[in-house]
Every structure is written in C-alpha cells, then in structure tokens.
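Encoded as structure tokens, the structure appears first; notes follow it.
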Amino acid sequence: MTQLALIIKHKVLPGRRDEVRAVWERHMAPAVAGNPGHAAYFYCFDNADPDSISAFQVYRNAEASQQFLATDSYAAYVKDVEPLLVGPPQVTALTPVWTKMA
C-alpha cells in the first residue's frame, strides 16, 4: 500500500500556542508514540508566526490515518484543543514518492 503524508496547519488564538502544545503533549504525544500506523511525525512551531503550529505526519497507508482519527485519544484531543483554535486546520494530503530518514 502507498504511504500517506499530511501537512496540518493550525492557527491558534493569539498568545495561546503554548496551551495548544500542552494539550497536544497530553493527548497526542503518547497516542502517536504508541501508534504503529505512524511512520513519522513532526510537531512544529512556525518561526514566522507565533500563533501557528504545523504537523507533518507520514502514515503507513490511508487506512492507518482513518483508524487513528477514530481513536478515543484523538477525540479527547479535539475536544480540548478546539476552543484554543481560530478554526479548523488547513490539511494538505500528499503521496510520498521519495524519502530519507536519518
């Protein structure tokens, strides 16, 4: 099966980026670390925008992505993080054709 990569950009309410990170660390860090469907995951602060967070994820396949979105951990994260966001994230789906992992 083909891997699926996602770039997810969150715009957070002004000055709330650290709160969003704390919610992510509480719910998503352990869920992602224990998820065999994630081949890679990068949670990043935007250097040019203090109210922006991006995540770059690589799933083993599209099915693994859908399975992760159905987890209790993801639902709890969404519930806690939505009040801290300006709106829904911008999601870009990609098909990796070449990768290098250190």
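The values are calculated or read from the model by the stated rules, or taken from the named source; none is laboratory data. In this text, all values refer to a predicted model and were calculated from it rather than measured experimentally. Here the Cβ is made from the backbone with ideal geometry for all residues, glycine too, and neighbour counts use every protein chain on show. We work out accessible area using only protein heavy atoms, side chains counted, and drop any ligands, DNA or RNA first. Shrake-Rupley method; radii C 1.70, N 1.55, O 1.52, S 1.80 Å.
Compared with the dominant Cα axis of the chain, that is its longest principal axis, helix 72-81 is turned about 30°. For the chain, give the percent of accessible area contributed by carbon and sulfur heavy atoms, probe 1.4 Å, rounded to a whole number. Roughly 57 percent, rounded to a whole number.
Over all other residues within a Cβ to Cβ distance under 15 Å of Pro88, the charged ones net out to +2, with Lys and Arg as +1 and Asp and Glu as -1. Distant-in-sequence amide contacts of Val12, defined by a placed amide H-H separation under 5 Å and a gap of 5 or more residues or a different chain, comprise Ser52, Ile53, Val86. What's the long-distance tail for the chain, i.e. % of Cα pairs beyond 22 Å? Result: 29 percent of Cα pairs exceed 22 Å. With protein chains left intact and a 1.4 Å probe, residues in the chain average 63 Å² of accessible area per residue.
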